[in-house]
1. In contact with a Cys (Cβ under 7 Å, 6 or more places away or on another chain) and at pLDDT 95 or above: which single residue out of Thr210, Thr188, Thr197 fits that description?
2. Could you say whether any residue in the range 75-84 is within 16 Å of the ligand (Cβ to nearest atom) and in a loop (DSSP other than H, G, I, E, B)?
3. Restricting attention to the range 42-69, and to residues there that are of a type in the set (Ser, Thr, Tyr) and part of a loop (DSSP other than H, G, I, E, B), which single residue is farthest from the chain's Cα centre (by Cα)?
4. Has the range 251-267 got any residue that is surrounded by fewer than 22 Cβ atoms within 10 Å (Cβ to Cβ), touching a residue at least 40 places away in the same chain (Cβ under 8 Å) and touching a Phe, Trp or Tyr at 6+ places or on another chain (Cβ under 9 Å)?
5. So, Asp319, is that one over 30 Å from Ala146 (Cα atoms), touching a residue at least 40 places away in the same chain (Cβ under 8 Å) and open to solvent by 60 Å² or more (accessible area, probe 1.4 Å) or not?
6. Has the range 337-348 got any residue that is aromatic (Phe, Trp, Tyr), open to solvent by less than 50 Å² (accessible area, probe 1.4 Å) and either within 22 Å of the chain's Cα centre (by Cα) or within 16 Å of the ligand (Cβ to nearest atom) (or both)?
7. State all residues of the range 65-123 that are open to solvent by 10 Å² or more (accessible area, probe 1.4 Å) and of a type in the set (Asp, Glu); if no residue qualifies, say none.
Amino acid sequence: MTRRNRSFGPMTTAIHAGEGPDPATGASAPPIHMSSTYVSESVAGFSAHDLAEDTGWLYSRWGNPTVAMLESKIAALQGTEACLCTASGMAAATAIFLTFLSAGDHCVVSDVSYAGVAELARDTLPRLGIEVTTVNMADLDAVAAAMRPETRLVHTETPVNPIGRLTDLAAVARIAHDAGALLSCDATFASPLGMDTAALGVDLTMHSITKYIGGHGDAVGGAVAGSAELIGRMRLEAAIHHGGILSPFNAWLVARGTATLPLRMKAHEAGARMVAEWLEARPRVTRVIWPGLASHPQHDLAVRQMRNMSGMIAFQVGDAATGEAIAQDMIDRLEVIHYAVSLGHHRSLIFWMGTEGLMDSSFRLTGDQLAAWRDWAGDGIFRLSVGLEDPEDLIADLDRVL
Ligand SMILES: *Cc1c(COP(=O)(O)O)cnc(C)c1O
């Protein structure tokens with residue numbers, strides 16, 4: 001399926017895009033091509049710079065049929081021309097930064113983002129001579145004020161892990177593009193079903209496919225979706241030269257998960273709505289953040305921008321000591337929900353994140369940015385990834401500890 005092929009709905013696309021009966025055997029399910037190399041039919045060059053549209057399979061770091069099948073599926077679901085899959089979500093973020101930024105360039109990054117991305121942006125990029133400004137992406141004036149003539153990339157994340165704050169993608173895309181910069185967005189929390197990022201102006205949409213896209217907690221991987229031109233540059237740099245490629249086995253597992261992504265996202269959203277409403281009515285819970293709740297400070301933006309509210313809930317229970325005590329109680333007493341990091345799986349997962357620890361290790365926010373964080377997360381939050389179990393069972397589980 002090609003770009004913006006809207007002749008099929010998302011459920012059909014998720015199942016059929018990128019695949020078809022195996023020409024060799026007629027197998028209805030796609031095979032796994034584990035071969036690292038491919039027999040050449042002609043004498044060809046051996047440099048990534050020789051990579052052309054019609055280059056056949058040469059070596060699996062350049063491309064692999066099973067990985068390409070998943071890349072086509074994700075591109076079709078995200079409404080982009082192309083996609084590059086990577087060894088992890090972090091490899092996808094690294095691929096974006098190291099393909100499109102060079103020493104002397106400037107990059108604007110969300111002041112809150114996935115902790116690994118926050119650390120990469122704060123520690124690694126400056127070491128390579130790339131200047132980074134972190135801004136609260138919900139503050140459009142701050143984003144505009146951060147732009148410089150040498151700004152090449154704006155990187156945001158929405159809804160942002162772990163606090164569920166949103167970025168107005170269309171507005172930030174205008175600011176980035178007016179300044180001649182690309183906009184990349186980590187849409188892991190939303191999944192490709194959550195937002196039509198390409199239509200909103202995002203140039204590069206990245207996902208940790210470890211999360212919703214794979215959906216079953218059994219494979220680590222990443223993806224970046226965008227135009228054929230930008231993804232082609234990333235394939236050359238990040239895949240062929242930096243080498244962080246996805247294994248065909250993981251691609252096959254994730255593709256199997258992708259087939260049910262639209263159905264799963266509907267169930268995640270419906271389950272999260274029930275759990276979020278229950279949490280909101282719970283006296284011990286001081287704050288619940290889920291884009292589908294009318295109480296979310298950016299609920300209007302959520303309704304405008306999101307096609308699915310996803311299953312990620314953040315909630316507060318008061319001060320850090322209370323949060324830590326409840327977290328320990330969860331470890332001891334939850335029967336269904338796993339106390340574990342990660343998200344987007346069929347199994348529900350919960351994890352407590354204290355503000356102090358996160359500030360020391362990942363975000364190091366001060367002043368207005370720290371105040372804005374505290375406004376959302378207080379002394380710390382529980383990040384709950386609502387899985388696909390019966391919501392009544394999840395509520396009964398939470399009822400034991402809240
Ligand atoms: C998990 C996650 C990542 C990193 O992905 P890995 O597959 O664990 O490397 C990046 N961004 C977000 C929003 C995530 O939740």
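The values are calculated or read from the model by the stated rules, or taken from the named source; none is laboratory data. Keep in mind that what you see is a predicted model, and the values were worked out from it rather than measured. Here the Cβ positions follow ideal geometry from the backbone for every residue, glycine too, while neighbour counts run over all protein chains shown. The area values use the complete protein model at the heavy-atom level, side chains included, leaving out ligands, DNA and RNA. Shrake-Rupley method; radii C 1.70, N 1.55, O 1.52, S 1.80 Å.
1. Selected residue: Thr197, the only one of Thr210, Thr188, Thr197 that is in contact with a Cys (Cβ under 7 Å, 6 or more places away or on another chain) and at pLDDT 95 or above.
2. Among the residues of the range 75-84, not one is within 16 Å of the ligand (Cβ to nearest atom) and in a loop (DSSP other than H, G, I, E, B), which makes the answer no.
3. Only one residue fits best here, namely Ser42.
4. no
5. Yes, satisfied.
6. no
7. Glu71, Glu81, Asp105, Glu119, Asp123 - these are the residues of the range 65-123 that are open to solvent by 10 Å² or more (accessible area, probe 1.4 Å) and of a type in the set (Asp, Glu).
Residues are listed down the side, and each one gets a yes or a no for (1) outside any strand (DSSP E or B); (2) modelled with pLDDT of 95 or more:
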| residue | (1), (2) |
| --- | --- |
| Gln328 | yes, yes |
| Val336 | yes, yes |
| His345 | yes, yes |
| Phe351 | no, yes |
| Leu358 | yes, no |
| Gln369 | yes, no |
| Asp375 | yes, no |
| Phe382 | no, yes |
| Asp397 | yes, yes |
